[in-house]
Amino acid sequence: MSEQKTKYSGKKINVDWDGRLCIHIGECGYSQGDLFVGGRDPWCKPDLVSVDDVVDVVKRCPTGAITFESNDNSIVEVADTENTVNVSYQGPYFIRGDLEIEGASDDMPGVKYRAALCRCGASKNKPFCDNSHEKVGFKDYGAIGLKGEALAATGGKLSITQIKDGPLMLNGNIVLQAGSGRVAWRGKKVALCRCGASKNKPFCDGSHNAAGFKSDS
């Protein structure tokens, strides 16, 4: 296991934490109960709560940094029935669903279901968010003006590819949520800005060219 990953073992279920993906949103630490307690060693104790509680809290993690594995493989994570992209206030794209993310390592199982992807252009861990939006003063409230199209379904595989020095290209059934939480746009294909410069956020408008955005940084 990578030095950036930590396993917290339990009698029935284990919890893994991946520091490469964690941006400290706090859904785990603020959860009710004794599964995660800040300042305690170890921080996570799976045996102090029920297996159902472990699964519930782990699935709250919006980045895929926290995952679970039952010792008898009787419980596995399944994708949400709807592929959603929340365009967060001053922050990343929080994406949930049946995800296939280009550039994700094989040892990042959580991002098959939950991920936080950079939209400010400054992350050193692209396509994932590393909280660089806070350092560079990225400003966007997550409003969405367009409505998109009607969808016959909302689930299924969502493919996310990185256009070199350009946007994130999403293919599949997609629902975009504004930063306010409002369901705002639906469609099957969309190019989302990840340089931070688009005048039509969250959609790409070609501003990455003038901004000199480089996706390999």
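The values are calculated or read from the model by the stated rules, or taken from the named source; none is laboratory data. Keep in mind that what you see is a predicted model, and the values were worked out from it rather than measured. In this analysis, Cβ positions are derived from the backbone assuming ideal geometry, glycine residues included, and neighbour counts consider all displayed protein chains. Only protein heavy atoms, including side chains, enter the accessible area calculation; ligands, DNA and RNA are left aside. Shrake-Rupley method; radii C 1.70, N 1.55, O 1.52, S 1.80 Å.
Things to note:
- Shown here for the range 163-217: trypsin sites (Lys or Arg not before Pro) in loop regions (DSSP other than H, G, I, E, B) with at most 10 other Cβ atoms within 10 Å, namely 164, 199.
- Calculated percent of Cα pairs over 28 Å apart (choose from [x] 30; [y] 36; [z] 44), label: [x]
- Most simply put, the chain has about 80% antiparallel DSSP beta bridges, counting only bridges with both residues inside it.
- Taking the accessible area of the range 1-132, probe 1.4 Å, and keeping the other protein chains in place, the carbon and sulfur fraction comes to 46%.
- Cα-Cα over 22 Å, subset of 157/199; 135/188; 126/201; 7/45; 147/188; 7/59: 157/199; 135/188
- Probe 1.4 Å, accessible area per residue of the range 16-141, Å²: 48 Å²
- Efficiency of FRET from Cβ geometry, residue 84 and residue 141, R₀ 25 Å, rounded to 0.05: 0.85
- Centroid-to-centroid separation of the range 19-56 and the range 61-119 [C-alpha atoms, Å]: 17 Å
- Modelled spin-label separation between residue 165 and residue 124, with each label point placed 7 Å from Cα along the Cα-to-Cβ direction: 2.3 nm.
- GNM flexibility winner over the chain from 84, 63, 154 (Cα, springs under 10 Å): 154
- The range 27-76: chymotrypsin sites (Phe, Trp or Tyr not before Pro) in DSSP coil with no more than 14 other Cβ atoms inside 10 Å: 30
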